[in-house]
Structure formats: structure tokens, C-alpha cells
Amino acid sequence: MAEMTRLIMKGAVALGSAAVAGKLYEDGRSLIGPSLGEMKELAQDIEANYQMMKGTAELLKGKTEDILGKIKSEKEHESTDECNAWINRAKELEAGVEILDSKYSTEKDKGLWSFNLSKALKKKLEELRQWLEEGRKIVVSVERKPPRIIRVPAPKIEDKSSLNAIFEKMTACFRDDQVKIIGLWGKVGVGKTAIMENLNNSKQAEEFDIVIFATLTYEMNEEKLNFENEELKRKALELAEEKLRWEIARRLKLKIEPGTPKSEINFIISEQLEKKKCLFLLDDVQHVFKLDDIGINNINRNNKVILASRNQNICWAMDSDEIVEVEELPIEEAVVLFKEKLGPQGKHPQFEQVAMLVVEHCSCLPLLIGKVAGFFKCRARHNWTYLLKNFQNWLYNDFDGMVEVLKKIRFCFERLDHKDKKHCFLYCALHTEGCEISTNHLVECCKAEDFFPDVGTGHGIVDDLINASLLEKAKKKKCVKMNKVLRNMALKILSEWDDLKFLVKAGVLVEPLSDMEWEDAKRISLMDNGHRLRSLPEEPNCANLRTLFLQRSFALTAIPDDFFRFMQDLRVLDLRGTEVKKLPSPFHLKCLQVLYLSCDQLMELPSRMKLENLEVLDIRGTRIYCLPVQISNMKKLRCLRISFSNVDGESDRAEEHLGVISNLSLLEELVLEVKAQNQWCNHAMKNITREVATLTKLTSLLFCFYDEESFKTFLDNSKWWQNPNFTLQICVGQHDSIRRLKSENAECKDNAIISSLVVVITNDTYELIGHKEAWSISNFGIENINELKCCIIEGCKEIRTVIDATETMEGVLEQLEKIYISNVPMLESIWEGNVPDGSLAQLTVFCLYDCSNLKTVFSSAMIKQLSKLQHLQIEDCPKIEQLIVESENDGLEQLELPCLTTLVLRNLPAIESIWKNNLICPHLGPPVKENCEQLDVQFSEPIDEFGVVITVISNIRPIS
């Protein structure tokens, strides 16, 4: 047995020695390296795998970009979860390719190859091929789900404890299964709408599948509804319910054919809502109605309805499970609100008593306080005591709060210092409630009504009305809105003023106007009546009529031949958005000054047309293909807006337009949109260009020049473009739209010169869209851009830096207030060279999107100049590593952005730091940081020596 053991041990030792020898041989081979033959074979194998991997990676990248482009273009669709997962994996594979690419380059430079690299390249190639094949099978997008919540602008109520307490009570009811319908009541202007808007935007609302916020206001004279005509009352209620029914259907993205019976619509809505958890916020409910009548049939424990009304009885009649009253603000909160609305003037201690008396007389109603504060704010402080005395002497009687609010707001109206301001304000009531009113439209109409002498004065008056809080700026640029309470007040005033005689049925026409109504009114608004206005009377007696609004009544297709016969005092006629195919002929209106004819079915102007006093003509969006010769007889025309589109085969009539423009010697504004490009249109535009150059009073031009030669001819023959007040939007070359200044396709030899001239004459805003040649906007000359207030750079593939200031020591872009940069793939820096004092000193908004090559944004020298920056937003820039890059002399310096209130950083996967030291932001609100995984910062709020809370942004991770 012992001998056997010895032999076994001897064998084991021998085997071990052989294994060791083998290992030593392999180690020796690894030290010596492969043979030349093996090395050649390995290199060929690696090179082939590398090239195939790179080629397949490019195909995968192209497939990914195609899918992303498709998703972006389909606004009504959204990407599937499957598609998102595929894109994420494709990006991971792309990152893996970059790593192998780097490793391949390193080993190639060293002349060393490894079998592991060859295997990795081959494996990655297989993965890429497999994923590319998977991409051909996936479902890219599906129809977008209805938005759960549509956010609305809402005033802050956190600092108003009384309103916030009710808000908290409402949200607590969301989780109470026993409470399904909640009534909120209180007088006009007490803050009900503010609470409802905050409920809509609340975190608690996010627990619902869908949140619908709607206002049930309808336009009818209140006393008439209550005491006179029950049939009109019923029809008005039906209109309000129809409005809400269609709003619900729209939010649910239901496809309902026009003419579908309301019972069927209700059934479809009810079916869709049955399995959802819904929140309905119904504001300004004026009369009782059945929720069943708008499709809300199933108020189960998951669904909630909150309705706001100024009448408690309505809340009870609507079967509310809980009713909450909104009372006036406590006096202390009302004073704080008044001072807040006054702005800096409200901080003066000597006006504490004035504030107290004002809010007491305003019954502490937030709506009224805001309006009255706007009035006081635009008056000298030494007059406040006198104004307050008059304000306190205002007498009123009221039974439900409405008259009180209107009378107190009316004080601000009555104290307007010019009658033309009052008329302009009241004229806004002709427009549909809540609509955005173009300031140009308002001013042009009011001038035609002789409310003021010229458009410049008119724009000043509109600004005064905004400053007095009687009008509001709308979201849409160059538009205003009229608060619904103020509009009600205006309509009440108009009912008392015999000399104005407004008849307003905007959006609420129930039955045709009577002959007496046509005869008495001086101003009639039947706008926005959709399918309700289908016809007009044959020959109304309207000798006093001065304004007629029919716009956006799309069921109106014809105008009777004698309709305008007795309207010879008519000053303003608006037919935009109707389906009118032709105007009566002859068309003689001796006093008409403003005519809007943007009707997509209108083929031509009447052959017999006499409008000798017409000043504004807008025929954009029609089927009129050239400049009608009738226009040449409109000698007083100041403003002409026209568009050419769908022009085909009209070369035999190409000369019709000749002499039309040159005959309009008083023309101040010309808008000529070109949406068609063919031989006829190009020839016509060349001829028109020569005539435009002869106009001596032109101050505003939106125009398309066929080529560089026509543009230079225009500049050589025109002197008025050098006027610094001149406004210009142009394009040069072949375009399908001239809504914005563009220079991307200008087929000219000296594009920079043309762009430079454009910058000089626009003076205020510069939009560089898709420019093919510029490397920097400095290419157009620092001196040419220094007065800009807004700069937009989009889709410019060659721009490397925004500003190159290497050759200047003077301040650059000292007036610039806003800059927007989007889709500039080659951008490497925002600023190169010196940053002289005063540069960017007025900049308040900086927005940067989709710049795939940019690694840093600001230098510390730039930050020191951004003393007024308020909004900083950077999104979708995958290579940005650092927001602020330091210079050699920065040391441990702290930087400050003293006015920054908003910071948004989104989809910046490579960003690691903001600034190496603390960044002081005294007024910064909660920052937004999304998909910035490498950024490890903290936002602290210490209190300074004066007891003020500030925000400090500190990097936790040191910069490597």
C-alpha cells in the first residue's frame, strides 16, 4: 500500500513539472510575442473587424437619428416604451464603440495588437448588427395620450393664508371618498379663480388621470336673463354647456364628427370617463345645470367636481357634498397685496395709511385691489391723498358683490385723463371675451373711428391702459387681453353712453339681429360666431354704423348685393376668417378706412370698387394671385398686406400688377408674403421691387427679394432704409415663407455684406436662421450688432463661436437683453477673446439648446459682466462638462449672479461642475436639474448679515 502511494506521488510530481514547463513556455511566448505571420494575420483580422464595426455603428447611428426625427416631427404621437428602450441600448452601444475606437487607436500607435481586442471588436460588431436588425422591427410611436394636466398661469397664494387655507381644504377633499362635488362660492374678485388655478397646477392634482379646467361664463345681459326672456336664457345656457362639452371631448382627444347629437357625445364622453380618475374644475358657474348634460354621468368615489360660483344657492342646487365660502382677504394680507402690486412705491412707510384706506374701501377683494393699485402706481405719489378722497366718495349699492366690484373698478376708468383712452378701452369690449387682441388691429380700428389722430399716439394709449391695469399683455406677442370683469364693466358703461351705441354679440349670437338693432347701433360685433352666423340681411338701414366685426364666423359664405347700400358712414369692416367668396359690386364705401379681407375663398376684388379714403387693406391668405389694379386707386392707403400663393400658369397676366405699388405714395407699411415660386411670381417680384424702392414714406417692410441683384438694386435706389426707426423683415432667394428674417438660402456672392446691412436696419432683433457661411455673428461687424436687443441663432452649421472679440477693447453687445441659440452643431464656444467692461451688461435671458459640440459655456470673465442675468436655461448639450471655466488668475474667487431667478439644466449627461468655487445667487428660485447624472452640487440657502436668504451653489465633487 505504501509503495502504491509512493508511485502515485511520483507521478503527480512529474505531471506538475510538465504543467509548470508548459506554463513557462506559454509565458515565454507571451513575452516574445506572436510570430510575424501570426502578427500579420492578427492585424488583418483586427483591421477588418474594426472597419466593419465602424461602418455598422454609422448605420445604427443613422437609424437612431431617423427614429428620433420621426418622433420629433409627429406632434400628435409619442414614442413607445419599446422604442425608448431600443434608443437607450443604441446609445449604450455607441458609447462602447467609442471606447473600442480609442483602444484601437492606442494599440495601433504602439504597434501592439492583442487577441482580446480582436475578439471585442468582433463581438461588438455582432451586437451592432443584431440591434440594427431589431430596430427594423420595433413600433416607433403611438398616438399621444391626452395630457393629464394643462398648466395655467396662477397667482401665488402661499403667502395669503386665507386663500391658502381654502386651497389646502380643497386638496384634503381629494382623498375623501364621501365628497364628490365641492362648491366654492364668494363675491366677484374675492379669489375663487386664483384658488381654482392653483388647484389645477397642484401636486395633488397629479394623482388624477385627467384634470379639466373650464370657465362657464357666457355673454348675456344679466338683468335680461333674469327678468325678461326665458328662451334667450335657455339658449345661452345651452351655449355654455356646449362649450364645456367640446372642451372635455378635446381634452380626451375624442374624434367627434360635426353634427353629432349631444346625447351621443355625452355617451362617448361618459364611456371614456368611466374607468378614469378625473378632476373637473368648473369656474364661474352662473346658473344651475345637470352634469349629465355634459357627459359627466359617473361621479364615483375616484372622481371629483369642484365648481366655483358667486351664488351659494347654485352650489347647493348642483348637489355639492361640501360647500366652502371664500371671504375677503384679512386686512393685513390685503395691505401686503396692495403694496406688492404697487411695486417699489409700496415700500415707502409714509403710504402705509393710504394702503390701509384703499384696501378697506376695496372690501379687501384681490381682483379690485390689483386694479386700483395699477391706477395709483401710474400717478405721482404726492397726488395719492387727493385721489384717495375721490375714491372714497364713490357711491354704490349692491346685492351680490358684482356691482360693487364694477363700480370700484370703474373709478380707475373714469379717472383716465383723456377721452380717447376711455374710447379705446371700451372698443376692446367689441372683441370676444378672453380673446387676444392684436394691438395693431386695435390701434388701426380706433384711429379709423377718430379716437386719436395717428397710430403712434394709439400705441402710446394702449401702453397707458396696460400700465393702468385696465388691459393685460397677452401671451402672444403684440397682443393684449381684457379681463372679463373689466369687459363686463365696459359693456355696462356702453349701455349708458348713447353716443357710442355698441351692439356686442361676439361668440354668443342666439338669434338674428332685429331691424331695429341694425338701425340703432353705431358699432356691431358678430365675430367668432362660427356656424351660428350663416347669413346677413338684404338691405339693413345702418346710416350710423361705423364698425362692423364679422371675423371668424366661418359659416358666412355670401354678402347680399345691397348689404352695404346704407352704410356710407362705415369706417371699419373685418371679414377675416369668413368663407365669403366675393364682395358686392359695385363696392362703394366713401368713409371706409380699414378693411380686413383675409378670406381663404376670396378669388378677386370687385371690378367696380371705390374706396377713396381707405388707409389699411389686408388681403393675406386669399386666392388673389397678384396685386389687383383696383388698389392703385386707393390713394390714401398707408398699410397694405397681401400674399401670393398657389400661382400657376398666369404668365400671360404677369403685367397686371405694374404701377400699383408706385401709385401708393402715402404707403408706410407693406407686407408682401410669397408662398409660391415660379417664373410668373419671380418676374412679378422683380417688377414690384423696383416700385417699392420709389416709396418715400415707407417705415415698415416685410418682403421677399428674388435674388441678390434685386436686393442690391433696392438698397441702391432707396434711402429710407437708413432710418434707425425703420423695421424690416426680409428674405433673399427662394423661400416658402418670410415670416422671419432669413438668410440661409441667399444665393449671392457676398452673403456677409447683405446680412450686415440687414443687421444695421433691423437694429433691434437679429435672427440668423440656417446661415451657411458665417463662423460667428462677429463676421457681420461688431459695430453692426452692438445695438441689438435680441439675438436668435438657429440651425447654423458652420458657426464655431458666437462672438469673437479678440480684436476689440470696447464693450460688445452692450444693449443685448436676450439671446437664444439652438441647433448649432459645430459651436465650440460662446465667446472668444477679451470681455471688455460693459459687454452683455443688459443681458437678462440666456437660452442654449441642442449644441452637440460645446464643452463649456461661460468664462469667469463673462460671468462678471452678467449682473442683470435673470433666466439661464441649457438643454440637450451632451458634451458640456463645465458651465463656467476658470482662468489662470481666478484663484479661490467666488462669483455672483445677483439677479438670477431661474436656472434650468436639462439633459446634460457629461456635466460635472458649475464652477469650482461657490456661485452666489441671492434671488434664485428652486433650480431645475434633470438628466445631469454627473453633476453633484448642492443648493444651500444661508442667511446673510442683513437677515436675507440667499442661494449658494456649491460643487461637492472637485474638478479633475
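The values are calculated or read from the model by the stated rules, or taken from the named source; none is laboratory data. Computed from a prediction, not measured in an experiment: that's the story for all the values here. All Cβ positions, even for glycine, are placed from backbone atoms using ideal geometry, and neighbour counts span all protein chains on display. Just so you know, the surface numbers come from the protein's heavy atoms only, side chains and all, with ligands and any DNA or RNA stripped out. Shrake-Rupley method; radii C 1.70, N 1.55, O 1.52, S 1.80 Å.
In a DSSP loop and with at most 12 other Cβ atoms within 10 Å, the GluC sites (Glu not before Pro) in region 259-299 are Glu274. Rolling a 1.4 Å probe over the protein heavy atoms of region 523-629, with every protein chain left in place, gives an accessible area that is 47 percent carbon and sulfur.
Note on region 847-917: with charges restricted to the Cβ of Lys and Arg (+1) and Asp and Glu (-1), its dipole about the Cα centre is near 160 debye. Run the paramagnetic zone check for Asp520: 7 angstrom along Cα to Cβ, then residues of region 472-506 with backbone nitrogen under 18 Å. Residues passing the 18 Å test: 491-506.
Here the peptides 320-332, 182-194 are ranked by packing, the mean other Cβ count within 10 Å, and the order with the highest first is 182-194, 320-332. Once the Cα-Cα distance is subtracted from the 0.36 nm per residue extended length, the Leu59 to Trp497 segment shows a gain of 150.3 nm. Stretching Lys91 away from Gln51 to a fully extended chain increases their span by 12.5 nm, per 0.36 nm per residue minus the current alpha-carbon distance. For Glu264 and Asn823, the difference between the fully extended length at 0.36 nm per residue and the C-alpha to C-alpha distance is 196.5 nm.
Backbone amide hydrogens, once placed in the peptide plane, bring Phe644 within less than 5 Å of Glu673, Val674, Lys675, excluding anything fewer than 5 places away on its chain.
In this structure, Asp319 and Gln873 have a Cβ-Cβ separation that, at R0 = 35 Å, corresponds to a calculated FRET efficiency of about 0.15. Sparsely packed loop sites in region 506-538 (the GluC sites (Glu not before Pro) outside DSSP H, G, I, E and B with at most 15 other Cβ atoms within 10 Å) comprise Glu538. Considering only Asn529, Ser607, Ala543, and ranking their Cα positions along the charge dipole of region 514-641 that arises from unit charges at the beta-carbon of Lys, Arg, Asp and Glu, the one farthest toward the positive end is Ser607.
The distance from the alpha carbon centre of region 590-642 to that of region 820-883 is 47 Å, rounded to a whole number.
Quick one: accessible area per residue over region 279-375, 1.4 Å probe, rounded to a whole number of Å²? With all protein chains present, region 279-375 gives 41 Å² per residue. Loop-located chymotrypsin sites (Phe, Trp or Tyr not before Pro) across region 461-561 with a Cβ neighbour count of 13 or fewer within 10 Å are Trp497, with loop assigned by DSSP. Which of rounded, prolate, oblate describes region 68-181, given a ≥ b ≥ c as roots of the alpha-carbon gyration tensor eigenvalues and a/c under 1.5 marking rounded, otherwise prolate only if a/b is larger than b/c? The shape class here is prolate.
Between Leu666 and Asn541, the C-beta separation translates, for a Förster distance of 51 Å, into a calculated FRET efficiency of about 0.95. Taking the Cα centre of region 301-350 as origin and assigning +1 to Lys and Arg Cβ atoms and -1 to Asp and Glu Cβ atoms, the resulting dipole is close to 300 debye. Ranked by the mean number of other Cβ atoms within 10 Å of their residues, highest first, the peptides 115-123, 80-88 fall in the order 115-123, 80-88.
Summing Lys and Arg as +1 and Asp and Glu as -1 over all other residues whose Cβ lies under 12 Å from the Cβ of Phe554 gives a net charge of +1. Each Lys and Arg adds +1 at its Cβ and each Asp and Glu adds -1 at its Cβ; summed about the Cα centre, region 438-523 shows a dipole of about 800 debye. When peptides 912-918, 151-157 are ranked by their average number of other Cβ atoms within 10 Å per residue, the highest-first order is 912-918, 151-157.
If R0 is taken as 56 Å, the Cβ-Cβ distance between Lys635 and Asp159 corresponds to a FRET efficiency of 0.40.
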